[in-house]
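Laboratory data are not the source of any read-out in this text; all were calculated from the coordinates shown. As the structure is a computational prediction, the values presented were derived from the model and not from experiment. Here the Cβ positions follow ideal geometry from the backbone for every residue, glycine too, while neighbour counts run over all protein chains shown.
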Amino acid sequence: MANIKFSGFTAPGGSFTPARASTYFVGYDNSGGPDNVQFLVSDVEGILNWPTYSIGLGATTLNPTLDFTQPTGYSYGGASGSLTFTGGTNVVITRQSSTELKIDATDTNDTSLPIKNGAGSTEFTATDATGLRIVGGGSVVASYIAGSQQVALTGTDTNYTYSISTTDDSPNIDIDLTAAGGGADSTYKVSAGSNITLTENGAGTGYTIAATDTNTAYQLVNSTGAGTQCEIELQTLTSTPAGKVVLTPGANVTITNVAANTYAIAAAASTSWTQAADTGSNNAIANGDTLDIAGGTYITTTSSAPSNKLVTIAHDSTTRTDTTSATSPGGGGTFTVIDTVTTNGTGHVTAANVKTVTMPSAGDTYDFNATAVLGPGGNVSLNLDSTSGTDDSAVQLTAGSNITLTRNSATEITIASSGGGGGSGLTPTTKTASYTAAAGDFVICDVTGIVVITLPTSPSVGDLVGVKYSSQNAQTDQLRVITPTAGDLIDKVDRSTNWLPVPAVNTYFEFIYGSTNNWFIK
């Protein structure tokens, strides 16, 4: 029998537990001769049935653990363990399930790159809601390059560059405009005028403008002319006259050449003038005299301060005092009155006309009395009896319906109403049902249920209708007043459909027709 040798084991006959990290071989051992059999397995891990560890997230939601769990019944290798996920600053780690976790950043800060203008003042930052926009302006076009996060700024300006220089073109100067890059050259000529010299500076960058002075210098000279005259003369610097002005003094004025280029003009030592008025003699006012302007009747004069040299002439205020008198002329008597008043242009009274008024001569006297008129009706006459007996007159008072006239004496008459309780000469009529009234009715209403009184259909101005709520059968009984036609008003309210309620028992309304379509409650 061949010998089988196990390599990698401990001493023969001993127990051995293979390690997972090692590989063991069963092979042919030729060290003892050709009888040894070699049986080689490169990795016995498959035939040893090693345990499988499970991995999963722990039950903790915030900052969960990653757990390694060894199966029950195995003790090979290392023990079970866990790995904890912990969120750092602005990071939150949460367990979503046994096989999923979520990592969130909580930092809400933005990096702000301020955009400033040429003066260094901040225009806006990257956190502005509008953002930073790059747009073209003038002859610049902004193009956005897709996918490159780049903006191309392209100039569309087709202007050319020019240089300017000067060239001597005696006696003139040329200003030359030279184009670069395709522009056209041009020249502008500056021409020298009279008494002007143009000189180019030799460097082609400028020129000098000089003027030739051809003016003549003059001087003013004063001298004494003929008599009292003085002369102001314009001369050249070589004393050649070029014109002059002669000053001639008038009356009471003197002109004196007191020094070179100096004249003294003065008034005469003494003057006089004549004062005159509408009437009276004239006065000679000499130098040093005082003229007094005096006010007369109702006139006051006022002299102002010497600097104003002003005299004010004012009309005095006038106070009028009125007197009163009384007279009672009889027949044929007289009295005087101011008939007209005449004033002048300034309002002064210049004349008044006094008129004498004569009263009429004494005539008839009259007696006013009342006498009873015999016969039916008991009327009364008002008599005006003249003493002459030739111009008597009388007015008879006639009693109307429900009216009684009684003569108490020659100076007293009693007028009494003899009608029923309706007043105003109305005719009483009692109604227990709805009724259309006539002018002059005094409608006495004994109400059961609802009673409607309709005012007359064709009234005349001044017509009267009285309505009295005399009695009722129950608290729910109602008395109403309406007008017969749409547009007919009671106290300016259309009551053709909007009836007027008579509010309570013993209430009395008296209606008078005032004008077209208008009734009024008296």
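Here are the numbers for the structure shown:
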{"quantity": "Gained length - residue 324 relative to residue 172, 0.36 nm times residue gap less alpha-carbon distance", "calculated": "43.9 nm"}
{"quantity": "Local electrostatic count, residue 518, Cβ distance below 10 Å [Lys/Arg +1, Asp/Glu -1]", "calculated": "-1"}
{"quantity": "Segment residue 508-residue 179, length gained on full extension (0.36 nm per residue, minus Cα span)", "calculated": "106.8 nm"}
{"quantity": "FRET efficiency estimate (nearest 0.05) - Cβ-Cβ, residue 475 to residue 516, R0 45 angstrom", "calculated": "0.70"}
{"quantity": "Inter-part distance where segment 421-479 and segment 481-521 are each reduced to a Cα centre, Å", "calculated": "12 Å"}
{"quantity": "Least to most buried among 500, 247 (fewest other Cβ within 10 Å first)", "calculated": "247, 500"}
{"quantity": "Dipole magnitude of segment 427-521 about its Cα centre (Cβ charges: Lys, Arg +1; Asp, Glu -1), debye to nearest 20", "calculated": "80 debye"}
{"quantity": "Built amide H within the under 5 Å cut-off of residue 58, gap 5+", "calculated": "65, 66, 67"}
{"quantity": "Local net charge near residue 198, Cβ-Cβ under 13 Å (Lys/Arg +1, Asp/Glu -1)", "calculated": "-3"}
{"quantity": "Ordering of 171-178, 404-411, 236-243 by burial proxy (mean other Cβ atoms within 10 Å per residue, highest first)", "calculated": "171-178, 404-411, 236-243"}
{"quantity": "Sequence of 273, 499, 519 once ranked by neighbouring C-beta atoms within 10 Å, starting from the fewest", "calculated": "273, 499, 519"}
{"quantity": "Segment residue 258-residue 223, length gained on full extension (0.36 nm per residue, minus Cα span)", "calculated": "11.6 nm"}
{"quantity": "Nonlocal amide H pairs with residue 244, under 5 Å, H built at 1.01 Å", "calculated": "234"}
{"quantity": "Long-range amide H partners of residue 496 with built H, under 5 Å", "calculated": "483, 487, 488"}
{"quantity": "Ranking of 100, 200 by count of other Cβ atoms within 10 Å, fewest first", "calculated": "100, 200"}
{"quantity": "Value of D in µm² per second that Stokes-Einstein yields for segment 427-521, Kirkwood Rh from Cα pairs, at 37 °C (0.692 mPa s)", "calculated": "252 µm²/s"}
{"quantity": "Sites residue 86 and residue 55, calculated FRET efficiency, Cβ-Cβ separation with R0 25 Å, nearest 0.05", "calculated": "0.85"}
